[in-house]
Amino acid sequence: MNETPMRVYAEIDLDAVRENVRALRARAPRAELMAVVKSNAYGHGAVQCARAAQEAGATWLGTATPEEALALRDAGIRGRIMCWLWTPGGPWREAVEADLDVSVSGMWALDEVRAAARAAGRPARIQLKADTGLGRNGCQPADWAELVGAAVAAQAEGTVQVTGVWSHFACADEPGHPSIRLQLDAFRDMLAYAEKEGVDPEVRHIANSPATLTLPETHFDLVRTGIAVYGVSPSPELGTPAQLGLRPAMTLRASLALVKTVPAGHGVSYGHHYVTESETHLALVPAGYADGVPRNASGRGPVLVAGKVRRAAGRIAMDQFVVDLGEDLAEAGDEAVIFGDAERGEPTAEDWAQAAGTIAYEIVTRIGGRVPRVYLGG
């Protein structure tokens with residue numbers, strides 16, 4: 001527990017990260033596990049969570065951008081790291097020299113990474129991404145033969161080593177969605193073609209967090225777990241974190257800035273969308289949308305204050321919002337838990353997602369840089 005009073009801070013339990021990684025490894029015992037630490041580990045702290053995940057048996061780390069992966073290397077993180085979101089002119093040579101595995105979805109990327117490998121004087125480790133139906137990154141089936149053929153030729157010339165073939169699900173968080181089977185079949189077909197043409201991948205992977213938890217037939221050689229590493233359920237339909245054997249790693253806490261008594265009929269916050277019904281006590285929570293607390297949850301966002309879960313009263317502002325305590329009492333400096341673990345009776349990131357009309361991924365990831373992270377179990 002943090003001993004110094006702070007306006008607002010995110011408490012990150014690294015033991016929870018370790019426990020979650022172990023639980024996910026148990027779900028996919030025949031596959032290696034990649035802990036995805038993109039976007040500052042979904043707001044939890046990339047370097048700290050990467051180390052904790054590795055300590056718990058994650059053999060791969062994953063990031064979206066090469067800059068995120070290079071920052072891990074700069075922090076002394078060793079082991080396999082894959083990054084997949086590239087644009088032309090990216091830091092290919094730096095990635096090659098840092099021993100990163102880089103994703104290739106099209107010919108332009110293969111051309112750039114080959115040039116980088118020549119400049120670096122060493123082969124690049126690449127993974128070919130297949131678009132099996134998500135329609136985002138990845139190579140379309142119609143273009144797959146060209147990309148595979150060029151990658152095999154590049155490997156023969158010594159500029160690349162094809163270490164993986166992979167893809168990504170569109171609807172694995174929707175149990176029974178017909179696209180899951182279609183994508184899995186497409187992946188198997190595209191993988192079989194690549195292997196027939198001479199690709200001998202070290203890892204084949206398509207399973208994200210929900211697929212890791214619910215679709216064992218998708219595990220192949222490696223599972224890529226992101227949000228589940230941090231103890232957040234990928235989807236309410238799949239179950240709560242506790243039901244999935246996970247424990248939330250982030251608790252967002254604040255110290256009340258003010259508690260005061262106001263009369264009946266008093267407007268609260270911008271626009272007076274909330275007006276007190278009777279004389280009451282208002283508590284000021286010094287966190288707002290500049291910290292990542294979603295304004296869309298105004299009037300609905302839950303907060304644990306003075307032993308009860310209450311709702312944000314009126315609009316959430318840039319730096320603060322209000323809760324109505326009614327007849328209950330509190331003092332400036334008392335703790336407000338904005339979200340944490342339902343097993344402790346606290347609101348959750350999923351509760352805030354429901355209140356804001358979004359997903360829990362966004363709630364934890366959007367917690368901003370001016371919110372200090374305090375690490376437990378480091």
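The values are calculated or read from the model by the stated rules, or taken from the named source; none is laboratory data. Since the model is a prediction, treat every value here as computed from it, not as a measurement. Every residue, glycine among them, receives a Cβ derived from its backbone with ideal geometry; neighbour counts consider all protein chains shown. With ligands, DNA and RNA removed, areas are computed over all heavy atoms of the protein, side chains included. Shrake-Rupley method; radii C 1.70, N 1.55, O 1.52, S 1.80 Å.
If you take the residues of the stretch 3-47 that are basic (Lys, Arg) and out of contact with any strand residue (DSSP E or B) (no Cβ under 9 Å at 6 or more places or on another chain), which of them is farthest from residue 339 (Cα to Cα)? The residue in question is 30.
Listed by position, the helices (runs of 4 or more DSSP H) enclosed by the stretch 8-59 that each have at least 1 residues that are farther than 21 Å from residue 82 by Cα are 14-27. Just to verify a result, which residue in the stretch 278-293, among those that are surrounded by fewer than 21 Cβ atoms within 10 Å (Cβ to Cβ) and within 24 Å of the chain's Cα centre (by Cα), is farthest from residue 339 (Cα to Cα)? Among those residues, the one meeting the criterion is 290. Between 271, 265, 292, the distinction of being in contact (Cβ under 8 Å) with a residue 60 or more places away in the chain and small (Gly, Ala, Ser) belongs to 292 only.
Please pick out the residue among 366, 373, 310 that is at pLDDT 95 or above and open to solvent by 70 Å² or more (accessible area, probe 1.4 Å). Let's see the steps before the verdict.
On the way: 373 fails: open to solvent by 70 Å² or more (accessible area, probe 1.4 Å); 310 fails: open to solvent by 70 Å² or more (accessible area, probe 1.4 Å).
Result of the check over 366, 373, 310: 366.
There is no residue in the stretch 191-205 that is at pLDDT 95 or above, more than 22 Å from residue 80 (Cβ to Cβ) and crowded, with 23+ Cβ neighbours inside 10 Å. Taken together, 119, 186 contain a single residue that is more than 27 Å from residue 236 (Cβ to Cβ), buried (at least 17 other Cβ atoms within 10 Å of the Cβ) and not β-branched (Val, Ile, Thr), which is 186. Restricting to the stretch 228-237, name every residue that is buried (at least 24 other Cβ atoms within 10 Å of the Cβ), not small (Gly, Ala, Ser) and not in a loop (DSSP other than H, G, I, E, B). 229, 230, listed by residue number.
Being within 32 Å of the chain's Cα centre (by Cα), within 19 Å of residue 222 (Cβ to Cβ), of a type in the set (Val, Ile, Thr) and surrounded by fewer than 23 Cβ atoms within 10 Å (Cβ to Cβ) is true for just one of 132, 163. Which residue is that? Before you say what the answer is, go through the steps one by one.
On the way: 132 fails: surrounded by fewer than 23 Cβ atoms within 10 Å (Cβ to Cβ).
Being within 32 Å of the chain's Cα centre (by Cα), within 19 Å of residue 222 (Cβ to Cβ), of a type in the set (Val, Ile, Thr) and surrounded by fewer than 23 Cβ atoms within 10 Å (Cβ to Cβ) holds for just one of 132, 163, which is 163.
Here is the figure for the stretch 145-160: residues that are surrounded by fewer than 21 Cβ atoms within 10 Å (Cβ to Cβ) and part of a helix (DSSP H, G or I) total 9.
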